[in-house]
Ligand code: BGC
């Protein structure tokens with residue numbers, strides 16, 4: 001059985017991988033043996049950041065990365081640092097001493113990420129920054145989405161909803177992702193520009209450390225009190241933060257009245273979009289991201305730098321080192337009510353997971369789902 005791993009926006013190369021026996025397992029297990037000659041010899045280590053800031057890391061990234069490595073017969077070890085920088089280091093050290101050939105990291109911040117990249121580099125292990133670029137880190141490659149474009153999609157969705165409310169201008173709240181996450185800076189760049197260009201002003205502009213959803217609720221409650229709820233929309237940087245915003249709006253009888261954004265196309269986010277309490281989410285096809293990262297890692301295991309360079313034909317700016325990191329940057333999609341069905345059609349979630357209640361079943365039917 002053969003499987004082509006394709007569909008990466010901006011890539012022309014098509015890599016055909018041979019589906020073999022399961023090549024690994026996760027969370028500290030020793031990967032299965034990659035014994036046949038066709039299988040690349042060497043294990044890949046993956047460190048995910050946490051499981052609370054977004055459902056994606058455990059439900060999508062772990063799943064799709066595991067599937068991609070297993071399909072290629074490559075051994076792998078995927079672990080989650082659970083938002084603990086010390087744990088992030090310990091996991092990395094363990095993987096390096098276990099002899100991984102490539103390390104994929106989604107950092108918790110630039111400093112701890114850079115330390116890990118340095119340690120790996122010292123022992124000749126290339127690091128791929130996965131989803132989050134480690135500023136100042138010097139990773140060999142970066143695989144992610146066009147994160148300014150993610151912000152642009154957030155902004156465009158929000159502007160559409162505010163205009164539909166008759167608010168062609170007015171004060172908007174910005175609830176940004178973690179100041180430690182370069183992606184949060186890029187997302188903000190995207191939505192700030194769209195909102196400004198469309199004629200909106202900013203009544204609050206705050207970051208939420210660690211993308212912490214509970215903290216987001218407190219921060220937004222304070223903003224709500226300070227502004228007396230006088231704003232026409234809320235740009236919140238992911239579905240977790242969006243959920244916190246909607247819960248506060250709900251307590252104030254404003255859920256569904258003030259447009260709120262999100263990102264990640266989580267089940268909860270999609271449900272709120274269908275119910276009208278969230279205006280937009282952004283779908284990032286994590287399968288493509290995982291497939292691209294796996295292709296790159298496999299090229300590196302094989303020592304085929306030319307193939308890796310051909311895959312990473314994009315560039316991302318490391319604004320600390322003033323360098324450009326060879327990258328695979330995929331395209332995100334803005335998701336309003338009418339597009340929820342596309343996320344389901346892409347296999348990212350299911351009708352059963354989204355259309356769970358009577359109210360949601362009705363909204364699903366009205367939007368061509370199920
Ligand atoms: C990711 C988002 C995610 C956020 C919180 C960002 O770096 O790109 O998809 O929602 O981190 O985990």
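The values are calculated or read from the model by the stated rules, or taken from the named source; none is laboratory data. As the structure is a prediction and not an experimental result, all values here were calculated from the model. All Cβ positions, even for glycine, are placed from backbone atoms using ideal geometry, and neighbour counts span all protein chains on display.
Out of the residues in region 170-192 meeting the condition of being assigned to a helix (DSSP H, G or I) and within 26 Å of residue 230 (Cβ to Cβ), tell me which one is farthest from the ligand (Cβ to nearest atom). Among those residues, the one meeting the criterion is 192. When residue 162 is tested against (1) assigned to a helix (DSSP H, G or I); (2) closer than 30 Å to residue 270 by Cβ; (3) more than 16 Å from the ligand (Cβ to nearest atom); (4) out of contact with any strand residue (DSSP E or B) (no Cβ under 7 Å at 6 or more places or on another chain), only condition (4) is not met.
Within region 300-335, track down each residue that is assigned to a helix (DSSP H, G or I) and in contact (Cβ under 8 Å) with a residue 60 or more places away in the chain.
Answer for region 300-335, where residues must be assigned to a helix (DSSP H, G or I) and in contact (Cβ under 8 Å) with a residue 60 or more places away in the chain: 300, 301, 307, 308, 310, 311.
On the basis of being surrounded by 17 or more Cβ atoms within 10 Å (Cβ to Cβ), at pLDDT 95 or above and more than 18 Å from the chain's Cα centre (by Cα), does residue 200 make the cut? When the stated conditions are applied, residue 200 passes them. Can you work out which of the residues in region 109-131 that are touching a residue at least 60 places away in the same chain (Cβ under 8 Å) and surrounded by fewer than 24 Cβ atoms within 10 Å (Cβ to Cβ) is farthest from the ligand (Cβ to nearest atom)? In this case the residue turns out to be 126. All of 181, 146 fail the test of being closer than 22 Å to residue 106 by Cα, surrounded by fewer than 23 Cβ atoms within 10 Å (Cβ to Cβ) and in contact (Cβ under 8 Å) with a residue 40 or more places away in the chain, apart from 146. Being more than 23 Å from residue 152 (Cα to Cα) and within 16 Å of the ligand (Cβ to nearest atom) holds for only one residue in 289, 215, and it is 215.
Give the residue, chosen from 195, 175, that is closer than 18 Å to residue 147 by Cβ, more than 20 Å from the chain's Cα centre (by Cα) and surrounded by 21 or more Cβ atoms within 10 Å (Cβ to Cβ).
Details: 175 fails: more than 20 Å from the chain's Cα centre (by Cα).
The conditions single out 195.
Run down 216, 255 and say which single residue is touching a helix residue (DSSP H, G or I) at 6+ places or on another chain (Cβ under 8 Å) and free of Cβ contacts under 8 Å to residues at least 24 places away in the same chain. Write out each step before concluding.
Values: 216 fails: free of Cβ contacts under 8 Å to residues at least 24 places away in the same chain.
When all the criteria are applied, what remains is 255.
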